[in-house]
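The values are calculated or read from the model by the stated rules, or taken from the named source; none is laboratory data. In this text, all values refer to a predicted model and were calculated from it rather than measured experimentally. FYI the Cβ positions are ideal-geometry reconstructions off the backbone, even for glycines, and counts take in every protein chain you see. Only protein heavy atoms, including side chains, enter the accessible area calculation; ligands, DNA and RNA are left aside. Shrake-Rupley method; radii C 1.70, N 1.55, O 1.52, S 1.80 Å.
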Amino acid sequence: MAATSASTLLTQCSKKPDIDPAKKGTKLIPTYCDVCFWKCAAVATVVDGVLTKIEGNDNDPISNGRLCPRGTGGIGAHFDKDRLTHPLMRVGGKGEDKWKKVTWDEALTFIAKKMNQIKEVHGPESMALFSHGVGGSFFKHTLKAYGSHNIAAPSYAQCRGPREIGFVLTVGDEIGAHERTDIKNAKTVVLIGSHLGENMHNTQVQEFAHAIGNGAHIIVVDPRYSVAASKAKDYLPIKPGTDMALILAWMHVLVKEELYDKEYVAKYGFGFEAFEAEMEEYTPEWAFIQTGIEPDVIRKTARQMAMTAPATLVHPGRHVTWNGDDTQRSRAIALLNSLLGSWGRKGGFYTHADKMSVPKYPYSKKYPEGNYRKADRPNENDFPFANGAHDTLSTGLRDATLTGKPYPIKGWITYGTNLLSCLPDTRMTIEAIKKLDLLVVCDIVPSELAGWADVVLPESTYLERHDELSVGAFREQPYVTIRQPIVDAPDDQKPNWWIGRELAIKLGLGDYYPWKTMEEYLQTRVKSAGLDWEKLTTEGIILGEKGPIYMKEEGNDDPEAQVEMLFCEDTDKINFYSNALKEKGFDPVPKYTAPDPLPAGSFHLLFGRAPVHTFAKTQTNPLLHEMMPENEVWLNAAVARRYGLTSNDYVKLKNQDGIVSFKVKVKVTNRIRKDCVFMVHGFGHSARGLKKAFGKGASDATLVTKYKTDPIMGGTGMNVNFVTLETGE
Ligand code: SF4
């Protein structure tokens, strides 16, 4: 389907029949994908100057030479007719969507003047940056040079942050952006609300297929019978919000029946006795009342996990901000894996090999010292475990903008993120925007957020620009990959590095950018690492020496199992009981909190992913749009009958706060519980500039007005909203 669409698209959209003689012929240009954050290395084909296809790079351990459907359709972004073409400045009121086209010089001069005014009146920390993806690097550099460290990423507190903190508090390390889950070697894989296959993290899906092919026992816990559930030997249609009860009951069974890895726990565990005592009450019979999962099923699945341990992987998930107790739920998953002895072991969790050493660019100028607290946590004790360098809370910066506390935030720059689709309660985000002196939105398409901007900066797509190097390791294989321009940007779009650098120059901070072009910057880094620039640009990837990935243990000579594991800093062990949590007033062993009861006549609002779209940013890509132009609302067949609805009827959803969605097509199915509805995230666009996507489907984001904040690290649990059906016109 994508191939046919691509050729149609190229016929319709290609600007040239006049072929520049210099561009004649077929060229293969390596790069890495940016349709999601997985960073698969790819090779694009350009025929007579026209981009025709993109495929996986065979040498890449991240893609294994294969791209997912979004990656393959990624070239549509270059041809997207809804793209921003020129810098824009607002001429009407905020949010009126009235603009004038300006030059880059006018746009950046205006932004720099406003930023310098904000600095003079309120201090540099009153500017904040919200950023997603590798392309934000130079905006971060410019903002730090300007003097602010208020830099947030919704990918932390609205996504995987609680997972990382939960695992750090338990086993001493993060799961990481490329999950260190040994799916392909697992004999039992447990997915809790994780819908691999619809959630298309390339290598994980490949490994999942491999595990299924190898006969792995799949256990899926989900109120919705997902694609992954269709591969499962045990499907547990859990009542939403009760996952912690199930995990506690599983641990109860493992402890009570002495099925846990006693040697592993004795050797590496801390505080097991206290943990064991806490598990006593969580019987399968107790959990049945919470979760709706039969006690026999709980016992049977726990025994299955024990039978294949340590090659049993209870997957930690990725988007884990559900109920506000998400750090503790992630910690419980880490503990369950620890009971099974799977942390550090084959078929459980490995450690990626060491990365290749690629020095940072040797900047000589230091950032100004900030003698202020970040604005996202006004009080010293707020969210005490959100203390890392990359974990500023987006909603915290929004609150500071609304309240002026601990100090005013007067300007936002956003890069690669539509805050109106990823932060909970869009009403609050809009109120915060109204208080700003400056909102700059850098994006590819005119998103809902861009509609509220003072200045909109059109970025070139990943197919038209250089970006930072991708330096990492996947499993045993370290790598460096490069992103480089395949084709020219069609209009007056610019790459992020150029924008970040030019803005710094306008701000009088040009000394922070001693390099002039991105090639110069990248070459400096590559050569200082002793790597071959020519090889990197022609092959797209340089591989390093493979390293071990499993834990070193006495009596195991396997060369792959030579990693010296470091556990929690405070005990050098796996913390079954956490003193660190206890000291800060939190439960040292996870406990269960029941979800809010479902109001009569309402449904739990569930949302998730589709294999052909990423977040809310790909709906206008013509190739991906053709594969999935709108989302549907999944509705249980018995419920649909009650409402007199059939598939392809349209309804609206109304949430507990009276917010009503756009109309959305009904999908009648037995694959969902009667008390839930489900939608794919990212649809229901209300920005009129997104012509292809405007009004298509419904937006879960607008319905998520309620959220529960995780007191441990500030994550926003967003699966706590209820909706009713509006069946009239
Ligand atoms: Fe691109 Fe798909 Fe890889 Fe993401 S997983 S980087 S969209 S190919």
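Stretch residue 646-residue 105 to full length: gain in nm at 0.36 nm per residue minus the Cα-Cα span?
Working it through step by step, the gained length comes to 189.3 nm.
By the scheme Lys and Arg +1, Asp and Glu -1, what is the net charge of all other residues having a beta-carbon under 15 Å from that of residue 474?
Once positives and negatives cancel, what remains is -2.
Along Cα→Cβ, 7 Å out, is where each label goes; now give me the distance between the ones at residue 570 and residue 686 in nm to one decimal.
Between residue 570 and residue 686, the label points sit 4.4 nm apart.
For segment 603-726, report the % of Cα-Cα distances exceeding 26 Å.
Pairs farther apart than 26 Å: 21 percent.
Hey, can you rank 146-156, 22-32 by average C-beta count inside 10 Å, highest first?
146-156, 22-32
Between residue 670 and residue 85, what is the label-to-label distance in nm when each label sits 7 Å out along the Cα-to-Cβ direction?
Going by the 7 Å Cα→Cβ label model, 5.3 nm.
Give the residue from 201, 337, 246 lying farthest towards the positive end of the charge dipole for segment 181-350; charges sit on Cβ (+1 for Lys and Arg, -1 for Asp and Glu) and the dipole is referred to the Cα centre.
201
Based on the alpha-carbon gyration tensor of the chain, what equivalent-ellipsoid semi-axes (square roots of 5 times the eigenvalues) come out, in whole Å, largest first?
After diagonalising the Cα gyration tensor, the semi-axes are 39, 30, 28 Å.
If I compute solvent accessible area with a 1.4 Å probe over the protein chains, what percent of it on the chain is carbon and sulfur?
After summing per-atom areas, the C and S share lands at 50 percent.
Specify the inter-centroid distance of segment 188-214 and segment 671-707, based on alpha-carbon positions, in whole Å.
First find each Cα centre; the distance between them is then 25 Å.
Helix-only estimate, please: 222 nm mean residue ellipticity of the chain, summing -39500 (n - 2.57) across DSSP H runs of length 4 or more and dividing by its residues, to the nearest 500.
Helix-only estimate at 222 nm: -8000 deg cm²/dmol.
Relative to the Cα centre, what is the charge dipole magnitude of the chain, using +1 at the beta carbon of each Lys and Arg, -1 at the beta carbon of each Asp and Glu, and rounding to the nearest 20 debye?
Charge dipole, the chain, about its Cα centre: 2040 debye, nearest 20.
Which value, in debye to the nearest 20, gives the size of the charge dipole of segment 603-726 about its Cα centre, when Lys and Arg are +1 and Asp and Glu are -1 at the Cβ?
180 debye
How big is segment 181-350 by Rg and Dmax over its Cα atoms, in Å?
Looking at segment 181-350, its Cα Rg and Dmax stand at 14.8, 41 Å.
What does the highest-first list of 47-56, 392-401 look like by mean Cβ count within 10 Å?
Result, highest mean first: 392-401, 47-56.
Please find the FRET efficiency linking residue 300 to residue 372, where r is the Cβ-Cβ separation and R0 is fixed at 60 Å, and quote it to the nearest 0.05.
Between residue 300 and residue 372 the formula returns 0.65.
Could you tell me the calculated FRET efficiency between residue 266 and residue 64, based on Cβ-Cβ distance and R0 = 30 angstrom, to the nearest 0.05?
Given R0 = 30 Å and the Cβ-Cβ separation, E is 0.20.
If you count only protein heavy atoms with a 1.4 Å probe, what accessible area per residue comes out for segment 544-610, rounded to a whole Å²?
Dividing the accessible area of segment 544-610 by its residue count gives 56 Å².
Evaluate the distance, in nm, between pseudo-label points positioned 7 Å from the Cα of residue 584 and of residue 528 along their respective Cα→Cβ axes.
About 3.4 nm separates the two model spin labels.
List the DSSP H helices in the chain whose Cα atoms stretch 24 Å or more along the helix axis and whose mean Kyte-Doolittle hydropathy is at least -1.0.
Helix filter hits for the chain: 104-122.
Greater than 18 Å separation of Cα atoms is the criterion. Which listed pairs, 39/346; 239/654; 617/665; 94/114, meet it?
39/346; 239/654; 617/665, as the Cα separations exceed 18 Å there.
Mind checking the dipole of segment 558-620: about its Cα centre, +1 per Lys or Arg Cβ, -1 per Asp or Glu Cβ, Debye to the nearest 20?
540 debye
Just to confirm the filter: which chymotrypsin sites (Phe, Trp or Tyr not before Pro) across segment 369-419 are DSSP coil and have at most 15 other Cβ within 10 angstrom of their Cβ?
Sites meeting the loop and neighbour criteria: none at all.
What whole-number value in Å² describes the accessible area per residue of segment 124-219 for a 1.4 Å probe?
That works out to 22 Å² for each residue.
Work out, step by step, the length gained on full extension between residue 560 and residue 546: first 0.36 nm times the residue separation, then minus their alpha carbon distance; give nm to one decimal.
In short, 4.1 nm is gained.
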